[in-house]
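Structure first, commentary second.
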Amino acid sequence: MLTTTEKVLFVVCAVGALAYAYPAWRNIHLVISRAPGERPPVQTRWQRLFAAARAWLTLAPTWKARPVSSFFHALIAWGFVFYFLVNAGDVIQGFFPITFLGEGWVGKLYRFVADLLTAGVLVGMLYFLARRFLLNAPVLGYHPNVKLVDAVRNGAIRRDSLIVGLFILLHVGFRLLGESFHVAHQGGDWGQPVAHLLSQAWAGWGDGALTAGRHLGWWGALGLILLFIPYFPYTKHFHLIMSGVNFLSKPERASLGAIEPENFEDESKEEFGVAKIEELPWTHLIDAYACIMCNRCQDVCPAYVTGKELSPSALEINKRYYLNEHLDELAAGQDSAFNLIDFAISESAVWACTACGACIDICPVGNEPMFDILYLRRRQVLTENQFPRELQTAYRGMERNGNPWNQSARERLAWAEGLDVPTIEENPEPELLWWVGCAPAYDPRARQVAQAFAKVLGATGVDYAVLGEMESCTGDAARRSGNENLFY
């Protein structure tokens, strides 16, 4: 229990920390609130709350890759989730003479879980610090040709990671130290095995020294939180909260890559797509704050692994550092002085994206960087009329002949010569209507797939038909490349 002086001092420090942190939290809320995009109804959010909480607590998306790192990350994440309760409990016990956390089976279970998770956080944090600063893990870096904001290129991620890592080590370490002094004062407690073992170091110390040690641990753990609160929203550690918000607020999509349509009937709308960061949907600003900077998305990005300038991770990180640097102006309603292509992603990288959705599928916090790129493409094509010259042939082909190869519709069934593939005219009521698609109809390599599948259907006696010359491009190639108007 704290002395009266300590209680007063803690309250003063807590009020000061919250007052100092409030502007940043308020500005982040203002920036996100200012961004466009529909807000899901409250009842819908409640319906999704369970699914979001499950993803946040189980870390389900994290286990898709890097099992070793995922395990150590789970030790830290679960430990810190439980530490919301631990820190609140420590404050309450410091101010009031409560006993329910210290006695009975509830208290014993609480102390045992806190002790084990404390050890887990320390082990996990040491692993990640060693991985980044001693082993310099290549997966945490970027190709030299990837666009990065100056802060990131000058080592801001390493600096921030070190600050966060040391905070976690010291915060949890001080808490363990304080508990070990308390256990030593009690004469031992195998219900807290880690704290009990550490308490052996204080054997023979007097009551006054052990009490002072416990107070030191309490102030070290909770005092660090007060120091960290104003810095917290600017750090990668912010993902602890914002990842849960991300899971809860993401729009429900019919499929992983389903993108919101443009409203061409709105005559007041003169520009389409996105150019500046404040024009992104609000959920995509949350992406930047939720990003854990793990680079798993770039590991699976086909453009990045083939050496191109695109890194989905760098896009989110650049957004985050730009928001940090310009938070006050954006919160005040000022427009960005720079477009996203000026600082977040290069124009070459925008067109390098294959729109495969791998970055969305792998992200442990639910980020969707692919959609940022598709919004940028819409601006480039529909408003700026700037796109790679090679796309002109594809667009012309879709307009004139219903396929990106700009080949005649009469060639649509050329791939099926000699295979006795029935058309819808020949078999008007088939059990299966096979939509072949443009690539199997015109691309030499894809044709082999269609031919093989036709043989399978014929050998198994399936009652099917194809549209043949009636078939036309879905327009997906136009939509993915930003030409939403042509898609329609």
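Things worth noting here:
- Stretch gain in nm, segment Glu469-Asp266, where the contour uses 0.36 nm per residue and the Cα spacing is subtracted: 69.6 nm
- Annotation for region 198-270: GluC sites (Glu not before Pro) lying in DSSP loop with at most 13 further Cβ atoms inside 10 Å of their Cβ are Glu252, Glu265, Glu267, Glu270.
- About the centre of its Cα atoms, the chain shows a dipole size close to 1760 debye [charges on the beta carbon of Lys, Arg (+1) and Asp, Glu (-1) only; nearest 20 debye].
- Modelled label positions at Leu166 and Val68, each set 7 Å beyond Cα in the direction of Cβ, lie 2.7 nm from each other.
- Spatially close lysines, pair count over the chain: Cα under 28 Å, gap of eight or more or interchain: 22
- Cα long-axis angle, helix 42-58 against the chain (0 to 90 degrees, to the nearest 10): 70
- Placing unit charges on the Cβ atoms only, positive for Lys and Arg and negative for Asp and Glu, gives region 93-181 a dipole magnitude near 360 debye about its Cα centre.
- Amide H contacts for Thr423 (H built 1.01 Å from N in the peptide plane; partners 5 or more residues away or on another chain; cut-off under 5 Å): Val466.
- Taking 4.7 Å between beta carbons as the limit, the unpaired Cys residues of the chain are Cys13, Cys291, Cys294, Cys301, Cys353, Cys356, Cys363, Cys438, Cys473.
- Ordering Asn401, Leu467, Ile341 by Cα displacement along the dipole of region 339-480 toward the positive end leaves Ile341 in first place; charges were set at the Cβ atoms of Lys, Arg (+1) and Asp, Glu (-1).
- Ranked by how many other beta carbons lie within 10 Å on average, peptides 119-129, 457-467, 85-95 from highest: 119-129, 85-95, 457-467
- Those chymotrypsin sites (Phe, Trp or Tyr not before Pro) in region 254-324 that DSSP places in a loop and that have at most 15 other beta carbons within 10 Å: Phe264
- With R₀ set to 30 Å, the beta-carbon distance separating Trp435 from Glu38 gives a calculated FRET efficiency near 0.45.
- Considering only Val146, Pro40, Gly94, the residue lying farthest towards the positive end of the dipole of region 4-157 is Val146, judged by Cα position with unit charges set on Cβ.
- Counting 0.36 nm for each residue step from Arg158 to Ala201 and taking away their Cα separation leaves a gain of 12.0 nm.
- Distance between modelled label sites at Glu6 and Asn87, nm, 7 Å Cα→Cβ extension: 1.9
- With Cα atoms, 0 to 90° folded angle of helix 156-186 axis to the chain main axis: 40
- Against the main long axis of the alpha-carbon atoms of the chain, helix 207-228 sits at an angle near 30°.
- Shape analysis of region 225-281 places it in the oblate category; the axes a ≥ b ≥ c from the Cα gyration tensor give an a/c of at least 1.5, with a/b not above b/c.
- Remark: region 14-99 carries a charge dipole of roughly 380 debye about the Cα centre, counting +1 on each Lys and Arg Cβ and -1 on each Asp and Glu Cβ.
- Listed candidates [x] 104, 87, 52; [y] 95, 56, 46; [z] 70, 50, 42 - label of the one calculated as Cα extents along the principal axes in Å: [y]
- Apportionment of accessible area to carbon and sulfur, region 294-343, percent (1.4 Å): 50
- Unit charges at the beta carbon, dipole of the chain: most positive-side option, Asn263, His239, Leu285: His239
- Dividing the summed helix terms, -39500 (n - 2.57) for each DSSP H run of n ≥ 4, by the number of residues in the chain produces a 222 nm estimate of -18000 deg cm²/dmol to the nearest 500.
- Protection proxy ranking of 366-373, 333-340 - average other beta-carbon atoms within 10 Å, highest first: 366-373, 333-340
The values are calculated or read from the model by the stated rules, or taken from the named source; none is laboratory data. If you're wondering where the values come from, they're calculated on a predicted model, not measured in any experiment. Quick reminder, even Gly has a Cβ in these numbers, built from the backbone with ideal geometry, and neighbours come from all protein chains shown. Remember, those area values only see protein heavy atoms, side chains included, never the ligands or the DNA or RNA. Shrake-Rupley method; radii C 1.70, N 1.55, O 1.52, S 1.80 Å.
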